Amino acid sequence: GHIVRAGDPRLFWSLSFALTAATWERVGGFCESYTGYGAEDTDFAARATSLGVDLWWVGGAPAYHQYHPTHTPPVQHLDDILRNGALYKARWGSWPMQGWLRAFEERGLVAYDAATDDWRKTEVSEPGRG
């Protein structure tokens, strides 16, 4: 039931949020350069906060989401997350979804290059191909 002002924009999730039409216009809506899955929410929140729009978290506010099978980490969205993450980094200077990226790295699916501050997909050998 708590209301927290100035929440962390990296945690914004567009499943349930509210704002005025004027604020939507001010922020400019969602960036349409993101395709597939991931980072569009974080980008929206980054843009909103860069324009002085406060994020408020309303504890206990119900949000409903249609059930669908999920994977943790969401390996089915790996390519989207890498592409959209790189777009976010180009726009905002840092990588979003770092928890997922580290989980992908632990599985050997991606590698981080500290020299270039870049995540890339690794070559995973196919079964029976060494």
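The values are calculated or read from the model by the stated rules, or taken from the named source; none is laboratory data. Note that this is a predicted model, so its numbers are computed, not measured. In this analysis, Cβ positions are derived from the backbone assuming ideal geometry, glycine residues included, and neighbour counts consider all displayed protein chains. Quick note on the areas: whole protein, heavy atoms, side chains included, nothing else; ligands and nucleic acids left out. Shrake-Rupley method; radii C 1.70, N 1.55, O 1.52, S 1.80 Å.
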*Using Cα pairs under 8 angstrom and six or more residues apart, how large is the relative contact order of segment 1-62, in percent?*
60 percent
*Calculated [θ] (222 nm, deg cm²/dmol) that DSSP helices of n ≥ 4 give over the chain, each run adding -39,500 (n - 2.57)*: -9500 deg cm²/dmol
*Which longest run of the chain has no exposed loop site in it, a site being GluC sites (Glu not before Pro) in a DSSP loop with at most 16 other beta carbons within 10 Å, and the site itself not part of the run?*
33-122
*Largest first, what is the accessible-area ranking of R120, R47 with a 1.4 Å probe?*
R120, R47
_Using the Cα centre of the chain as the reference point, and only Cβ charges (+1 on K/R, -1 on D/E), how large is the resulting charge dipole? Debye, rounded to the nearest 20._
160 debye
_Carbon plus sulfur fraction of accessible area for segment 48-128, probe 1.4 Å, in percent_ = 53 percent
*Selected from I81, S94, L55, residue furthest toward positive end of dipole (the chain; charges at beta carbon)*: L55
*Once phi is turned into ³J(HN,Hα) by the Karplus curve 6.51 cos²θ - 1.76 cosθ + 1.60 with θ = phi - 60°, what whole-Hz value does each residue of segment 10-19 show in order, with x for glycine and proline?*
5, 9, 5, 10, 7, 4, 8, 8, 9, 7
